[in-house]
Amino acid sequence: DDVFRKVQVGNVRKIIPREVSGNGRRLRIVDDTATGGGSKFEAIEAAESIGFEISDITVLIDRSQGAKEVIEDRGYEFRSAFTLTQLLQFGLRTGRISQDQFDSAQDYILSQKEAT
């Protein structure tokens, strides 16, 4: 189901529930990436406000910057197809990125996780 939509209000993006009723149905929230988890909780709140029960949060890429831990700490299941580190390791292994690029990206991921 298309349960909510994203709207821009000034400089802020908001997640707004659509005119549907969950009636206790289970819902998987799917997104492209997860960083800190903030927008995922907006989506959870919007879906739960109209009666859905959240089965899990599924993303293509977990940027490994805290979203997984925050989401799981609040009792929701978190799934990802890949972590950013896995994709970087693939790039390194196949010669698409250098060791310096890999190390730099890993340092950035760690610094962003520590900042949250």
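The values are calculated or read from the model by the stated rules, or taken from the named source; none is laboratory data. Fair warning: this is a prediction, and the values are worked out from it, not measured in the lab. Neighbour counts run over all protein chains shown; Cβ positions are idealised from the backbone, glycine included. Just so you know, the surface numbers come from the protein's heavy atoms only, side chains and all, with ligands and any DNA or RNA stripped out. Shrake-Rupley method; radii C 1.70, N 1.55, O 1.52, S 1.80 Å.
Using only Cα atoms, find the angle between the long axis of helix 99-115 and the longest principal axis of the chain, and express it within 0 to 90 degrees, rounded to the nearest 10. The two axes meet at around 40 degrees. Once all protein chains are placed together, residue 7 keeps about 40 Å² accessible to a 1.4 angstrom probe. Seen from all directions on average, the range 42-116 presents a Cα convex hull projection of 5.7 nm². Between the helical axis of 38-49 and the longest alpha-carbon principal axis of the chain there is an angle of about 20 degrees.
Annotation for the range 78-116: trypsin sites (Lys or Arg not before Pro) lying in DSSP loop with at most 16 further Cβ atoms inside 10 Å of their Cβ are 96. Taking every lysine pair in the range 6-113 that is 8 or more places apart or spans two chains, those with Cα atoms closer than 15 Å amount to 5. From helices alone, the chain scores -12000 deg cm²/dmol at 222 nm; the rule is -39500 (n - 2.57) for each run of n ≥ 4 DSSP H residues, then divide by the residue total.
Which distance in Å, rounded to a whole number, links the C-alpha centroids of the range 70-96 and the range 2-59? Each part reduced to its Cα centre gives a spacing of 21 Å. This model, with +1 at the C-beta of Lys and Arg and -1 at the C-beta of Asp and Glu, gives the range 8-71 a dipole about its Cα centre of some 100 debye.
Computed with a 1.4 Å probe over protein heavy atoms only, the accessible area of residue 103 comes to about 60 Å². Please determine, in degrees from 0 to 90 and to the nearest 10, the orientation of helix 84-93 with respect to the longest principal axis defined by the Cα atoms of the chain, where the helix direction is its Cα long axis. Helix 84-93 sits roughly 30 degrees off the main axis of the chain. DSSP beta bridges confined to the chain are antiparallel in about 30 percent of cases.
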